[in-house]
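K.L.:
Sending over a structure as structure tokens; questions will come in a sec.
The values are calculated or read from the model by the stated rules, or taken from the named source; none is laboratory data. Computed from a prediction, not measured in an experiment: that's the story for all the values here. Neighbour counts are summed over all protein chains in view; Cβ atoms, including those assigned to glycine, are modelled from backbone coordinates with ideal geometry.
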Amino acid sequence: MHTTSNLRLSFDRFFAATERHRWELETDIPWAEVRPDLVTQDEVRVLRGSALVESFAPGYGADLLTTFAADVAMSSFLTIQLYEEFKHFHALRRYLHCLGIEVTDAEITQGRAERVAYDDPLVPLLKFGISEVFTAVAYREIARHTREPVLQKLSTCISDDEYRHLGWYVSYLEGYVNEHGIGAAEVNAALEHYQHQGLDAIGSEWVEHWNFVGERYTRLEPYRYLKRMLRGLVGSGVKLQNMGRRTSNFTGAQTFR
Ligand SMILES: [Fe+2]
Ligand SMILES: [Fe+2]
């Protein structure tokens, strides 16, 4: 008979897949072929916001590696995930540089010194796990919509990473809710804290950034996915109605705890 822990995606398998699908910043992205004339102002806006959100990886790392210090599997995964999120920032910054747009060190370090301590691990699991579906779909759709070939390639590489992260979180959550006997009520309570990542990174631009990404790229797909996934985990009592509201205006927005 299988136990939950047997079914959970092991770090060995996750890491093997990560190595197998790793893209090389210098050789897989043809930087010299970027065509600035094909990039729209709307794309620049989304890429700049996304770069800054990704740039917050060291700050999130400090918070999460503390929360999960005693959890070998999760802290192993986080180490790799945070490397990849920072790689996304580094690549997007370089892409913007090719367009003549600079992201400054001052922009990426503001807010990083603030630490967030999580009392209940379910809260960051949902915050960071759920975010993966929004970013995976957004980058996939940026790749699909843009006319600029290097951005198509880069966004596809990033989206593939985000889908792999999502796979880990879903598998981990499945084990976590079984192990701790977590039901829809606890998930709903944690979801009441949910908001997209990046409030700490982009502050006043946060609402506009995610609203624009939602309208232009992700639409309702992440919500449909999450409804199915979370109801599969803990049953039909899961409610997502407040999630969109919490993350599309400043009412109730605060650094997520
Ligand atoms: Fe990322
Ligand atoms: Fe990710």
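K.L.:
So is residue 169 touching a Ser or Thr at 6+ places or on another chain (Cβ under 8 Å), of a type in the set (Phe, Trp, Tyr) and crowded, with 22+ Cβ neighbours inside 10 Å or not?
P.N.:
The answer is no for residue 169.
K.L.:
With respect to residue 158, determine if the residue is at pLDDT below 95 and not small (Gly, Ala, Ser).
P.N.:
No, not satisfied.
K.L.:
Inside region 100-117, can you point out the residues that are assigned to a helix (DSSP H, G or I), in contact (Cβ under 8 Å) with a residue 12 or more places away in the chain and among the charged types (D, E, K, R)?
P.N.:
The answer is 107, and nothing else.
K.L.:
Another one. Within region 246-257, take every residue that is among the hydroxyl-bearing types (Ser, Thr, Tyr) and assigned to a loop (DSSP other than H, G, I, E, B) and give me the one that is modelled with the highest pLDDT.
P.N.:
251
Per-residue answers, yes or no, for (1) under 24 Å from residue 87 (Cα atoms); (2) over 17 Å from the mean Cα position of the chain (by Cα); (3) surrounded by fewer than 17 Cβ atoms within 10 Å (Cβ to Cβ):
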site: 147; (1), (2), (3): yes, yes, yes
site: 158; (1), (2), (3): yes, no, no
site: 176; (1), (2), (3): no, yes, no
site: 199; (1), (2), (3): yes, no, no
site: 206; (1), (2), (3): yes, no, no
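K.L.:
Of the residues in region 39-56, how many are farther than 20 Å from residue 206 by Cα and either in contact with a helix residue (DSSP H, G or I) (Cβ under 8 Å, 6 or more places away or on another chain) or within 12 Å of ligand 1 (Cβ to nearest atom) (or both)?
P.N.:
Residues in region 39-56 being farther than 20 Å from residue 206 by Cα and either in contact with a helix residue (DSSP H, G or I) (Cβ under 8 Å, 6 or more places away or on another chain) or within 12 Å of ligand 1 (Cβ to nearest atom) (or both): 1 in total.
K.L.:
Now for a separate question. Would you mention how many residues in region 120-166 are away from ligand 2 (no atom under 15 Å from the Cβ) and free of Cβ contacts under 8 Å to residues at least 60 places away in the same chain?
P.N.:
So the count comes out to 4.
K.L.:
Which ones in region 74-116 are at pLDDT below 95, away from ligand 1 (no atom under 15 Å from the Cβ) and touching a helix residue (DSSP H, G or I) at 6+ places or on another chain (Cβ under 7 Å)?
P.N.:
107, 111, 112, 114, 115, 116
K.L.:
Condition first: touching a residue at least 12 places away in the same chain (Cβ under 8 Å) and exposed (fewer than 15 other Cβ atoms within 10 Å of the Cβ). Now tell me which residues in region 212-238 satisfy that.
P.N.:
Listed by number, the residues that qualify are 235, 236, 237.
K.L.:
Which condition does residue 70 not pass, out of (1) among the aliphatic types (A, V, I, L, M); (2) in contact (Cβ under 8 Å) with a residue 12 or more places away in the chain; (3) more than 16 Å from ligand 2 (Cβ to nearest atom), if it passes all the others?
P.N.:
Here residue 70 clears every test but (2).
Here is a yes/no grid of residues against (1) at pLDDT below 90; (2) at positive phi; (3) of a type outside the set (Lys, Arg):
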site	(1), (2), (3)
195	yes, no, yes
207	yes, no, yes
212	no, no, yes
218	no, no, yes
221	no, no, yes
224	no, no, no
231	no, no, no
244	yes, no, yes
